[in-house]
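Take a look at the structure below.
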Amino acid sequence: MKPHHHPDISTLMAYSAGALSSAFSAVVSAHLSVCHVCRQRLRDTDAIGGQLLNQQEGLALSDDASERLLARLQHEDKPTAPEEAAVQQRHDPDLLPAPLWPYFGRSYRELPWKWIGPGIHHIRAQNVTDDHLMLLRVAPGRSLPMHTHGGSEMTMILRGAYDDTLGHFASGDVADLDLDTEHQPVTAPGVPCICVAATDAPLLFSGWMARMLQPFVRL
Amino acid sequence: MPYPASQDTDNPVYWSAQMTAVAARQDIDAFMRIFAHYGPRVQRYLVGMGVLPSQAEELVQEAMLRVWRRAGQFDPARANVSTWLFRIARNLYIDSIRGESHWLVIQEGLEQLDELPPEDGATSAESFADGVGLDRAIDDLPPQQARMIRMSYYEAKSHSEIAKELGQPLGSVKSSLRRAFAKLQAALRTAP
C-alpha cells in the first residue's frame with residue numbers, strides 16, 4: 001500500500017510532541033502503520049524532540065537514583081523478543097490496522113455497525129480520552145457526512161474510496177483538514193467506503209442527516 | 001558519585017557507542033554513563049510537561065529500564081540516543097500521565113514495522129546525519145518559530161492552545177511550524 005495523501009507535517013509534529021489528542025493520534029497511528037514515508041518523517045520530528053532533550057540543562061535526580069536503578073537492574077531478565085503483531089497484520093485482509101485494535105477490535109467481520117441513515121453505518125470508539133473517534137461505512141456512490149462543521153477533522157480511508165475537490169482518496173489515504181476547508185466527498189462506485197475519523201467536536205448527525213435526506217423527502 | 005558524566009558529552013557518536021556496548025555485552029558502566037548524562041535531562045523534560053518531580057523520577061527509572069531491555073533494538077543508523085530516549089520518555093508520559101494505556105503497545109508495533117523488510121519496494125531509511133547540524137538549525141530559527149517548537153515539544157500544547165496563547169490564527173501557527181520543520185529537516189539531512 002502506498003498512500004498518496006498524508007497528514008500535514010504540523011500534525012506529525014504535534015503527534016511527535018505528544019500534543020495531539022488521543023482521537024487524532026489514533027488516526028495518525030493507523031496511517032503510520034501503512035505509510036513508510038510518514039514513518040520516516042516521524043523519525044525526523046522525533047529527532048527534533050531528541051535534540052531539544054540534548055540542549056536542556058538537566059534537573060538533578062535524588063542522591064540514591066543511581067543505586068536504585070542498579071538495584072532494579074539486578075532483577076532484569078534477558079531481553080525478550082517482541083510480539084509479531086505487525087507481521088500478522090500484513091497477511092490477513094480481515095484485520096484492521098493494529099493501532100485501531102484497542103478502539104474497535106481486530107476484525108472487520110465482527111464490527112458492530114449501527115445504522116444511522118440511508119447507506120450509512122457507524123461505530124463510536126468508547127475508550128478515547130479526548131476528542132471523538134468513529135468508524136463510518138458509507139454505501140457506494142453516496143456523499144459522506146464529513147464536511148465543514150466548524151471544527152477540525154481527520155479521516156483515513158480503510159477500504160473503498162471517495163472523491164472530492166481535493167482528489168481521489170483510497171485505502172491508506174488521510175484527509176487532514178483545516179477548519180474552513182469546503183469539501184463534499186462522494187464514495188466511489190462498487191464497494192462501500194470504510195473510514196476512521198477523528199473530530200474535535202461531536203458530529204451533529206441531525207444536521208447532516210436532514211441535509212442528506214432532503215433530496216428524497218423534502219424536509 | 002560513582003558514575004560521573006563523561007567529558008565527551010556533546011558527541012552523539014560517543015553516546016551511540018555507549019549504547020552499542022550495552023547491547024553487545026550488557027555493559028553496566030556504559031549504561032550508567034547514559035543514565036548520568038540523560039537521566040537529569042529526561043527529568044527536566046517530564047517536570048516541564050507538568051509531571052510531579054517524584055513521579056517524574058519514577059518515570060526516569062522506568063525509561064532507563066526500557067533502554068536496558070531494548071538495547072538490542074537501538075540502531076545508530078536510524079536515530080541518536082537522545083532521539084531514542086525522547087521517544088521512550090514521551091511514550092511513558094502519554095501512557096501513564098495522560099492515561100492512554102494502549103499507546104506503548106501501538107508505538108512498539110509501529111517501531112517493529114521498520115525492522116521488517118519493506119513490503120512495497122520502498123528504499124531503506126535515508127542515512128541519518130548526526131545532531132550537530134540540527135543543534136545549530138534550532139538555534140538559528142526565528143524566535144517565533146523556536147517558541148512554537150518549544151511550546152509544542154516541551155509543554156505538549158496543542159496548535160489551538162499555541163494559537164490562543166500567542167494571539168495568532170490557527171492557520172499561521174501551522175504554517176510557521178511547517179516552515180520550521182523544513183529548515184530543521186534540511187539540517188538533519190546534511191552532514192555538518
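Only the coordinates and a few stated rules stand behind these numbers; no lab work does. Every value quoted in this text rests on a predicted model; they were computed, and no experiment measured them. So basically every Cβ, Gly included, is an ideal-geometry build from the backbone, and we count neighbours across all protein chains shown.
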Q.
Return the residues of the range B:39-51 that are touching a residue at least 40 places away in the same chain (Cβ under 8 Å) and crowded, with 24+ Cβ neighbours inside 10 Å; say none if nothing qualifies.
A. B:VAL42, B:TYR45, B:LEU46
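Does B:TYR14 satisfy being aromatic (Phe, Trp, Tyr), surrounded by fewer than 20 Cβ atoms within 10 Å (Cβ to Cβ) and part of a helix (DSSP H, G or I)?
Details: aromatic (Phe, Trp, Tyr): yes; surrounded by fewer than 20 Cβ atoms within 10 Å (Cβ to Cβ): yes; part of a helix (DSSP H, G or I): yes.
Yes: the conditions hold for B:TYR14.
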Q | Complete set of residues in the range B:99-116 that are under 17 Å from A:SER16 (Cβ atoms) and aliphatic (A, V, I, L, M) | A | B:LEU104, B:ILE106, B:LEU110, B:LEU113
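Might you check whether a residue that is in contact (Cβ under 8 Å) with a residue 60 or more places away in the chain and within 7 Å of another protein chain (Cβ to nearest Cβ) occurs anywhere in the range A:33-43? Give the derivation first.
Going residue by residue through the range A:33-43, those that are in contact (Cβ under 8 Å) with a residue 60 or more places away in the chain are A:33-35.
Filter again for within 7 Å of another protein chain (Cβ to nearest Cβ), leaving A:33.
Scanning the range A:33-43, I find at least one residue that is in contact (Cβ under 8 Å) with a residue 60 or more places away in the chain and within 7 Å of another protein chain (Cβ to nearest Cβ), so the answer is yes.
Restricting to the range A:53-67, and then to whatever is in a helix (DSSP H, G or I) and surrounded by fewer than 22 Cβ atoms within 10 Å (Cβ to Cβ), can you tell me which residue is farthest from the other protein chains (Cβ to nearest Cβ)?
A:GLU67
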Q. Does the range B:63-81 hold any residues that are within 10 Å of chain A (Cβ to nearest Cβ), crowded, with 23+ Cβ neighbours inside 10 Å and in a helix (DSSP H, G or I), and which are they?
A. B:MET64, B:VAL81
Q: Starting from residues that are in contact (Cβ under 8 Å) with a residue 40 or more places away in the chain and among the hydrophobic types (A, V, I, L, M, F, W, C), keep the ones in the range B:148-189 and report whichever is nearest to B:GLN43 (Cα to Cα).
A: B:ALA156
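Determine whether B:ALA36 is in a helix (DSSP H, G or I), surrounded by fewer than 16 Cβ atoms within 10 Å (Cβ to Cβ) and not polar (S, T, N, Q).
Working: in a helix (DSSP H, G or I): yes; surrounded by fewer than 16 Cβ atoms within 10 Å (Cβ to Cβ): no; not polar (S, T, N, Q): yes.
So B:ALA36 fails the test.
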Q. Taking the range B:82-118, which residues are more than 7 Å from every other protein chain (Cβ to nearest Cβ), part of a helix (DSSP H, G or I) and of a type in the set (Asp, Glu)?
A. B:ASP95, B:GLU111
